[in-house]
Amino acid sequence: MKPSWCFAGGGARALAGLPDGGSERQVAILSAELARRGHPVTILVPGPAEEGTVSGVGIVRGWEAVSAWPRGLRFWAGRLPSLKRALRKLEPGVVYTRGFSVFAPSVAGAARRIGAPYLAALACDDDLVTSPSGGPSGAVGRAGYGRVARAAFVRLALRRASMVLSQHSGQLAECRRMGLPSEVVRNAFVPFEKPAERPVMFDACWIGHVSAFKGFDSLVELLSRVADRRLRVAVAGAVQDRACRGMLEKALESGLIEYLGEIPHAEALSVMASSKVLLNTSPSEGFSNAFLEAWYLGRPVLSLESDPDGLLSGAAPLGICARGRMEAMEDGLRRLLSDGGARHDMGEAGRRRVEAHHLAGPVVDSLLEAAGRASGG
């Protein structure tokens, strides 16, 4: 019988086609492909969720929605023990988490107790550091997601992992420098039906939750520098940072952006297809899912910091990376909007990259190979 898999974390919403983050969408793609191949697959959701089966993947709650414990003790006295009990009950053959999580150290410990290999997949470059570029605000945020929590994640989750799965060669090199066993398992992609052809509505789009981690402040700075009121820039995503909410309101008042709110994944793809360029201003993202989606649609990426595997700066670039320089970001935007030929060539190169290296089938092949080596097979 093929080994069973347990993905501990989000992914259920993405499986159902609802708005969710890139890490969750990767879990949805990988879990569905494994289930299609006959592996028993479960997503253990740490929080209130509807249990059931989606695309052959079982959805199981890690804890009950209602807790008798006081708010300050729920996590330690209620939720973590419930998560461990659920893992012991499932007894999966392979345990997988993706990205930084305060639950990951407990998942790593539970996997060790049941004798299952634990795969810790990185979701961004910040997963390897204890001082993230987009730091949390507020006392609660700093306690749950700040330096102490991240140091515990690196020590108790990544260092206890059977294998750390890197998104790109830069993460792999850093893992090896840190002495972490690691292999590259690329982000997976499932081709979708491209939105119907229609006139381009937006000059550029920016898609992701509105927060410091995604670099919303840098987006506002960029558009303020360009200061061209003829530009139409679409922003889609839920607001997750109080400071960014104020910046969003000011950007709307000044006409710098058109805010679409949090929209379903299919609508986000339609926005990309209706835009000339995808903007990425995150200071720490490793390899955004949106890159693959934009490339598949033939759209280049303009990135402030992220340049995974040098894809935005190689001999046949799939966009432009500004190397953290806002001046280069401004110049890159002006160039891409004025040079339709460059946009076309970059977009076509991006589409070929996706089809050659990121389709779900080959990516899951590499995931299974990594799991086999992690288990000593």
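Just so it is clear, none of the values below were taken in a lab; they were calculated from the coordinates. These numbers come from a predicted model, not from an experiment. Every residue, glycine as well, gets a Cβ built from its backbone with ideal geometry; the counts of neighbours run over all protein chains shown.
Applied to the stretch 204-218, the Karplus parametrisation 6.51 cos²θ - 1.76 cosθ + 1.60 on θ = phi - 60° returns per-residue 3J(HN,Hα) values of 8, 9, 9, 10, x, 5, 6, 7, 5, 4, 7, x, 5, 4, 5 Hz, with x for Gly and Pro. When both the stretch 92-117 and the stretch 241-282 are represented by their alpha-carbon centers, they are found 35 Å apart. Remark: for residue pairs Lys84/Lys214; Lys194/Lys250; Lys214/Lys276; Lys2/Lys194, the C-alpha separation exceeds 29 Å in Lys84/Lys214; Lys194/Lys250; Lys2/Lys194. For the pair Arg160 and Asp365, the difference between a 0.36 nm per residue extended length and the Cα-Cα distance amounts to 71.4 nm. Each of Leu80, Leu304 has some number of other Cβ atoms within 10 Å of its Cβ, and from fewest to most they run Leu80, Leu304.
Sorted ascending by nearby beta carbons within 10 Å, beginning with the fewest, Glu305, Glu348, Glu91 become Glu91, Glu348, Glu305. Near the amide H of Gly99, within less than 5 Å, lie the amide hydrogens of Ala121, Leu122, Ala123, all on another chain or at least 5 residues away, with H placed in the peptide plane.
If you take the alpha carbon atoms of the stretch 202-357 and fit the smallest convex hull around them, that volume is 97 Å³ per residue. Label zone of Arg36 (point 7 Å out along Cα→Cβ, amide N under 14 Å): in the stretch 163-195 this covers 188-193. A dipole drawn for the stretch 202-357 from +1 and -1 charges on Cβ atoms has a positive end, and of Ile207, Phe291, Ala349 the residue lying farthest that way is Ala349. Listed options for Cα extents along the principal axes in Å are [x] 58, 52, 43; [y] 78, 55, 43; [z] 58, 45, 40. The value calculated from this structure is the one marked [z]. Taking the fewest neighbouring Cβ atoms within 10 Å as the starting point, the ordered list for Lys214, Lys194, Lys84 is Lys194, Lys84, Lys214.
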